[in-house]
Amino acid sequence: MAVLPFDDRDGSIWYDGGLVPWRTAQTHVLTHGLHYASSVFEGQRIYRGRIYKLAEHTARLFESARILDMTIPYTEEQINEACLEVARAQGLEIGYMRPVVFRGSEMMSVAAPNSKIHVAIAAWPWPSYFSPEEKRKGIRLTVSDWRRPAPDTAPTRAKSAGLYMICTISKHAAERQGFADALMYDYRGFIAEATGANVFFAKDGALHTPIPDCFLDGITRKSVISLARARQIPVFERHIEPAEMAGFEECFLTGTAAEVTPVSQVGPYQFVPGRMCETMTEDYANDVRGIFRPDAT
């Protein structure tokens, strides 16, 4: 199947203050963000024309930029409005949106304090991160050889481009082995997350999820925790040893791209997607569409 390249599409992208034709939203090959990973971004979904948790995503974008010593030359309100403008311009009722902030090409060295800070926002149709068939059965994960770094060795609280390098390597390796994704441990050997999504486990009617102390506390993760607690489902945020997976009944991933995705296997450990996966999948699907919240019943 032919893949439509991302640089050759119809539509508009918001770039440094206004909409420009999609194909002209370009930057130079000597852009600092390309060479030194001085780039932060967000991934957010559009449901029924509404951007889910827009304010939360924009706030995180600004915090990520602050951590990487970049000052975004717009206010959060301006970026929120720009995101809405892009969604309208693209005519998307359902889709995916990517705001990105990066240093430009004025300086080409490790230090680039005088490089311009650019902001771009694009949106396009994108259904599920995993195929519907995979999600019905539960996706299969291998275990990555790479670990999430310690917070004193990388800016782990930022959604920054450089931190995804080991995620790309891990997912490529997983797919070559016939898996959908990879689970990553942290620098201590505790369970951390998948390559682009947080992870939950279910046992005896409760949820268990790793403490996000060296990886992103996902916005979808926080939504799912809120939805679960609204149903009086206990949620334990704690350090989880890999061997504990032998005793868990269900497993699922959460993320803007992944939404809520059941897992049937992590390495040698097997899970059967059941009532908990079904409940959280349905509650999240309703929540993002503004249909239903269990704490409102």
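The values are calculated or read from the model by the stated rules, or taken from the named source; none is laboratory data. All values derive from a computational prediction rather than experimental measurement. Cβ coordinates were reconstructed from backbone atoms using ideal geometry, including for glycine residues, and neighbour counts include every protein chain displayed. Quick note on the areas: whole protein, heavy atoms, side chains included, nothing else; ligands and nucleic acids left out. Shrake-Rupley method; radii C 1.70, N 1.55, O 1.52, S 1.80 Å.
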_Rounded accessible area per residue of the chain, 1.4 Å, Å²_ = 47
*About its Cα centre, how strong a charge dipole does the chain have in debye, to the nearest 20, once Lys and Arg get +1 and Asp and Glu get -1 at the Cβ?*
180
_On Cα atoms only, tilt of 76-90 relative to the major axis of the chain in degrees_ = 90
*Helix 275-288: angle to the longest alpha-carbon principal axis of the chain, degrees 0 to 90, nearest 10?*
30
_In order through the stretch 175-180: 3J(HN,Hα) via Karplus (6.51 cos²θ - 1.76 cosθ + 1.60), integer Hz, x for Gly, Pro_ = 5, 5, 8, x, 9, 7
*Classify the stretch 206-297 as rounded, prolate or oblate from the Cα gyration tensor: take a ≥ b ≥ c as the square roots of its eigenvalues, call it rounded if a/c is under 1.5, otherwise prolate when a/b beats b/c and oblate if not.*
prolate
*For the stretch 24-177, what size does the Cα cloud have along each of its three principal axes, sorted from largest down, in whole Å?*
51, 40, 29
_Using only the alpha-carbon atoms, how far is helix 54-67 inclined from the longest principal axis of the chain? Give it as 0 to 90 degrees, nearest 10._
70
*For the chain, what is the convex hull volume of the alpha-carbon atoms per residue, in Å³?*
137
*Round to the nearest 0.05 the FRET efficiency obtained for A89 and R176 when R0 = 51 Å and r is the Cβ-Cβ distance.*
0.85
